[in-house]
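Read-outs: derived from the displayed coordinates by stated rules, not from any lab. Being a predicted model, the structure only gives us computed values, none of them experimental. A quick note on method: Cβ atoms are made from the backbone with ideal geometry, for glycine too, and the neighbour counts reach across all protein chains shown.
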Number of protein chains: 2
Amino acid sequence: MSVTIKDVARIAGVSPSTVSRVLSNHPKISPATVRKVREAMETLGYHPNIMAKSLVSKNTNTLGLVLPRSAEELFANPFFSEVLRGMLACANLAQYDLLMSSANSQKEELEAVNRMVLGRRVDGVILMAPRKNDPIVEKLLEYDFPFVLLGRSLEHQDVHCVNNDNLKAAYDATNHLIAQGHRRIGFVSGPKDMVVSEDRLEGYRRAMREAGLACREDWVINADFLQESGFHAISLVMNLPERPTAFVITDDIIAFGMIRGLYDVGLRVPDDISIVSFNNINLSELSNPPISTIDIGIYHLGYLTVQLLIRKLSGESVSQTQITVPHRLLVRKSSMKTM
Amino acid sequence: MSVTIKDVARIAGVSPSTVSRVLSNHPKISPATVRKVREAMETLGYHPNIMAKSLVSKNTNTLGLVLPRSAEELFANPFFSEVLRGMLACANLAQYDLLMSSANSQKEELEAVNRMVLGRRVDGVILMAPRKNDPIVEKLLEYDFPFVLLGRSLEHQDVHCVNNDNLKAAYDATNHLIAQGHRRIGFVSGPKDMVVSEDRLEGYRRAMREAGLACREDWVINADFLQESGFHAISLVMNLPERPTAFVITDDIIAFGMIRGLYDVGLRVPDDISIVSFNNINLSELSNPPISTIDIGIYHLGYLTVQLLIRKLSGESVSQTQITVPHRLLVRKSSMKTM
DNA sequence: TGGTGATTTGCAAGCGTTTTCTTACCTGAC
DNA sequence: GTCAGGTAAGAAAACGCTTGCAAATCACCA
């Protein structure tokens, strides 16, 4: 069968406890013994059973990634790979693995979290893109289980999270369009119950208000993070009594869909309608025209989230609860009037 | 502390064994006892400790996903999210979770696999995009550990795998271009040591040969699965003594980069150069021009891989070792001459 | 009444580790 | 040569669960 600590002990002529101590680099162990044990491990091809280890030591070196329900939206978005890449890079460095489970309903979502948390399967949890009044947040707080938000909680200010200043980002994006001379500016929002949607919408509204511009309700279009949304949005846009000359769009992928949809109805970007979107997924630069976008540092978002969680787990008392990843506006052709 | 099976037993007035049996739906347990135990679990908020459970039962309900080293390439590609989505959907259905670990070097990669496999952390392993002479494949065969390839092994015919008929797919793509009247057709390949690259290149060559067309070595350009590759490829293309009028490209994202790069040097797709690529990532349809591509059924690829692995794990003797996901050519504007 | 077999439950060992507590051993000072 | 003081190694109990085997209970019939 598989080789255990006892086998190693027998071969090395020591007790299992000693082997265990060698394994965890216990200081008070003689170099000679260490050598003997190491050799035995080598010849037997020993590898510790992580289950047994976690059972007694009560940690798993695993982080749980809880995907928002109806994760389809997120998944289909390159944003997700990129944030995952950042997470894995950091986790990898600290010898952590990532456990993912997806869910289709809120019920399944809670079950998944319970399996992970109450089943002692992970040491900490990462919550992506939380919603308003997210029950998972409540649950984890109730359990007093370590977790970090990628995004922020509307209700709990003291929860550790990594986020952009989405309000400011949308504010910047809108102001850029205003500076380009646009007066009628629309906004395409993500799912209504997500905190990020709320923040960005607010940023857009603030910029419009400060510039003394009308902020009409029918210029705010709801979408989700799928390219089809961009496509669908077009019919709404076309039916508007007064059509905006520019849009702030909450996600590059929606922008792709919109540009395409506009093209099909004979409208050109940026000549007829200017566009600024969010995220700077790597393809946005290769779009035709290249898309002006707010670079939110996706990779860093993922990396720092995991880093924060690991710091929490290692007992470090992390006083700064909120980490803000800086954003910057990348002006490309989709928002450049007549060049 | 956390509530265990003993607590439940005490409250329900039965023995721990009985509780365990209720948990696993043991047939010979009286309905009355079941009810009592269920109630006790409910009031205590009991959740089984998965570590303890796996320690004795020797399975973890977890699948390990081993990413190819230098996974950056893959990650940055929407292909990856989509395949992951398929995997998670299937795993989720069967109550499995996915454990990911990434690695930067071959050494780290082997360590990760050992942690997973020898550490008894997962029940089975999924290997993505295997390379020629992949040491991980050898290792898993040596351990006799259940695993499934997403892709195929060049050396081992009897390994369970889910794959496309990449040779035929490239053959189809090339023939499509030939049918459009092209005679000078180039090929942009993925990393040389990956099996998929080999297969697609072979398909391209076969089509060219059968059509009696020259298959010049300097028309085969090596790239990796990054958009930058497409970009870089351009300088190579421009320096060719005799330039192809069309390209078969092994990945949509490279195609994006190439279209952009060609545009920048004043060449138009499809008017100057036609393009057919692979994968049909969702953005390929929204490209400008929309990209003709081989739809390889990414989602299904992921879904079926996990399904096959789970079937293996559940003891079902799966006789059919190779599952081929059908592909189809989607003709879009990037390969349509003058309309 | 006692024996038989079927059905339900409990006992206890074991899964592969870690860790506390003890013991054995060695060093050096008196 | 004895004993304190310290260091290195072992014994054994846990961690929370499963499961083979034995015991208990009960119905039934001779």
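Below are the figures for this structure:
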read-out	value
Copy-to-copy label separations for A:Asp165, where each label sits 7 Å from Cα toward Cβ, in nm and ascending	5.8
Average other protein chain Cβ within 10 Å of Cβ, residues B:97-107	5
Size of charge dipole - the protein assembly as shown - debye, nearest 20, with Cβ of Lys, Arg +1 and Asp, Glu -1, no other charges	1500
Cα centre as origin, Lys/Arg/Asp/Glu Cβ charges: segment B:114-230 dipole, Debye	260
Label geometry 7 Å along the beta-carbon vector: A:Arg183 inter-copy distances in nm	6.0
Net charge, B:Ala214 excluded, C-beta distance under 15 Å - Lys, Arg +1, Asp, Glu -1	+3
Virtual spin-label span in nm between B:Ser57 and A:Leu213, 7 Å along Cα→Cβ	5.9
Axis-nearest residue in chain B [Cβ, rotation onto A], distance in whole Å	B:Asn288, 2
Residues whose placed amide H lies under 5 Å from that of B:Ile323, excluding near-sequence neighbours	B:Cys161, B:Val162, B:Asn163
Using θ = phi - 60° and Karplus 6.51 cos²θ - 1.76 cosθ + 1.60, couplings along segment B:30-35 (whole Hz; Gly, Pro as x)	6, x, 4, 4, 3, 4
Projected-area mean, segment B:94-229, by convex hull of Cα positions, square nanometres	10.6
Helix axis angle, B:252-264 relative to chain B longest principal axis, alpha carbon, degrees	30
Residue-averaged [θ]222 nm for the protein assembly as shown, counting only DSSP H segments that reach four residues, each worth -39500 (n - 2.57)	-13500 deg cm²/dmol
Percent of Cα pairs exceeding the 31 Å cut-off, where the set is the protein assembly as shown	59
Long-range amide H partners of A:Ser274 with built H, under 5 Å	A:Ala246, A:Phe247
Estimated distance in nm for a label pair at B:Leu236 and B:Val34, the labels positioned 7 Å out from Cα along Cα-to-Cβ	6.4
Electrostatic dipole magnitude of segment B:5-48 [Cβ: Lys, Arg +1; Asp, Glu -1; Cα centre; debye, to 20]	160
Two-site label geometry, B:Leu154 and A:Lys337: point separation in nm, points 7 Å out along Cα→Cβ	5.8
Contour minus Cα-Cα distance for A:Arg10 and A:Asn25 (0.36 nm per residue)	3.5 nm
Share antiparallel - DSSP beta bridges, the protein assembly as shown, percent rounded to 5	15
Length-normalised contact order of segment A:5-48 in % [C-alpha pairs under 8 Å, at least 6 apart]	45
3J(HN,Hα) from dihedral phi, segment A:149-158, Karplus parametrisation 6.51/-1.76/1.60, rounded to Hz, x for glycine, proline	9, 9, x, 9, 9, 6, 8, 10, 7, 9
Alpha carbon centroid spacing (whole Å) that separates segment B:260-300 from segment B:18-68	50
Solvent-free Debye scattering, log10 I(q)/I(0), computed from the Cα coordinates of segment A:5-48 at q = 0.15, 0.17, 0.21, 0.27 Å⁻¹	-0.27, -0.34, -0.53, -0.91
Net charge of neighbours whose Cβ lies under 12 Å from the Cβ of A:Ser20, counting Lys and Arg as +1 and Asp and Glu as -1	+3
Positive-end residue of A:Phe145, B:Ser284, B:Ile294, charge dipole of the protein assembly as shown with Cβ unit charges	A:Phe145
Proximal charge balance of B:Glu242 [Cβ under 12 Å; K/R count +1, D/E count -1]	+3
Among A:112-125, A:190-203, B:308-321, the order from most to least packed when residues are scored by Cβ within 10 Å on average	A:112-125, A:190-203, B:308-321
Shortest-first nm distances, B:Thr43 label point to equivalent points in other copies (7 Å, Cα→Cβ)	5.8
Karplus 3J(HN,Hα) series, Hz, for segment A:175-190 with 6.51 cos²θ - 1.76 cosθ + 1.60 (x for Gly, Pro)	4, 4, 5, 4, 4, 6, x, 6, 10, 9, 10, x, 9, 10, 9, x
Furthest towards positive pole of dipole, A:Asn49, A:Val113, A:Met100, structure part segment A:37-122, Cβ charges	A:Asn49
Built amide H within the under 5 Å cut-off of B:Phe187, gap 5+	B:Val220, B:Ile221, B:Val248
Hydrodynamic radius by Kirkwood, which averages 1/r over all alpha carbon pairs of segment B:96-161, in angstrom	12.2
For segment B:47-153, average projected area of the Cα convex hull in nm²	7.2
Backbone N under 15 Å from the A:Gln322 label point (7 Å along Cα→Cβ), restricted to segment A:147-186	A:149-170
Computed lengthening from A:Glu42 to A:Arg184, 0.36 nm per intervening residue step minus Cα-Cα distance	44.0 nm
Most positive-pole-ward Cα, B:Ile11, A:Met128, A:Phe231, against dipole of the protein assembly as shown from beta carbon charges	B:Ile11
